[in-house]
């Protein structure tokens with residue numbers, strides 16, 4: 001049964017990636033663009049009926065010229081995003097096909113997502129209506145005074161988790177959340193939570209990292225080159 005749509009968020013500015021020539025989602029690892037790793041995983045999933053990738057307006061020509069064949073092969077639709085991530089997701093939501101039960105949002109800059117983690121978060125959203133991948137914070141957390149750059153407080157890490165993607169929701173929950181949007185949310189779960197809907201957390205591995213800097217890219221490249229990596233390996 002194909003009843004899941006995936007929104008692949010790739011419209012960011014990549015400011016912290018610090019590359020004047022290429023955004024992080026379009027740089028290559030082993031000859032393959034970063035966005036394509038997770039797109040391939042979604043395209044191979046038996047429940048995924050639709051993949052929509054949001055891109056920045058200024059990248060439209062480049063994406064068409066460089067990746068048209070890859071996008072067609074994987075069945076990925078392209079939607080022009082907005083200045084902020086939530087605006088991009090809202091644009092993609094307008095293209096969701098009838099009959100889609102669940103919508104997942106995934107950062108295109110997370111190429112190390114595993115088949116196991118994807119299955120787990122979809123299955124949890126099936127049961128509860130809303131679920132995200134997340135990982136417990138294990139390091140000591142400090143609050144820093146932004147003016148003096150000194151430690152203002154040490155925060156207990158008990159119960160603190162760091163959100164990952166995919167974040168998967170019943171279609172009607174996500175559509176309602178986006179119809180009532182206020183401010184500039186940093187992730188989609190925040191909007192669904194504001195409706196009073198409980199969002200389940202599925203523990204995802206720390207290997208499901210988001211590429212932000214060149215160091216992150218090198219880490220992802222190392223993970224993706226690991227010989228034992230496979231779609232069925234539970235570590236990945």
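The values are calculated or read from the model by the stated rules, or taken from the named source; none is laboratory data. Here the structure is a predicted model, which is why all the values come from computation and not from measurement. Quick reminder, even Gly has a Cβ in these numbers, built from the backbone with ideal geometry, and neighbours come from all protein chains shown.
Entry remark, the stretch 130-171: residues being part of a strand (DSSP E or B) and touching a residue at least 24 places away in the same chain (Cβ under 8 Å) number 17 in total. In the stretch 71-99, the residue that is surrounded by the most Cβ atoms within 10 Å (Cβ to Cβ) out of those that are at pLDDT 95 or above, within 19 Å of residue 14 (Cβ to Cβ) and touching a helix residue (DSSP H, G or I) at 6+ places or on another chain (Cβ under 7 Å) is 89.
In the stretch 1-26, the residue that is nearest to residue 51 (Cα to Cα) out of those that are in contact with a helix residue (DSSP H, G or I) (Cβ under 6 Å, 6 or more places away or on another chain) and surrounded by fewer than 21 Cβ atoms within 10 Å (Cβ to Cβ) is 14. Residues that are surrounded by fewer than 17 Cβ atoms within 10 Å (Cβ to Cβ) and part of a helix (DSSP H, G or I) were ranked within the stretch 192-215; the one that is modelled with the highest pLDDT is 193.
Out of all the residues in the stretch 100-131, which are in contact with a helix residue (DSSP H, G or I) (Cβ under 9 Å, 6 or more places away or on another chain) and closer than 20 Å to residue 176 by Cβ? 100, 101, 102, 103, 104, 105, 129, 130, 131, listed by residue number.
Only one of 190, 175, 182 is touching a residue at least 40 places away in the same chain (Cβ under 8 Å) and under 17 Å from residue 86 (Cα atoms); which? The match here is 175.
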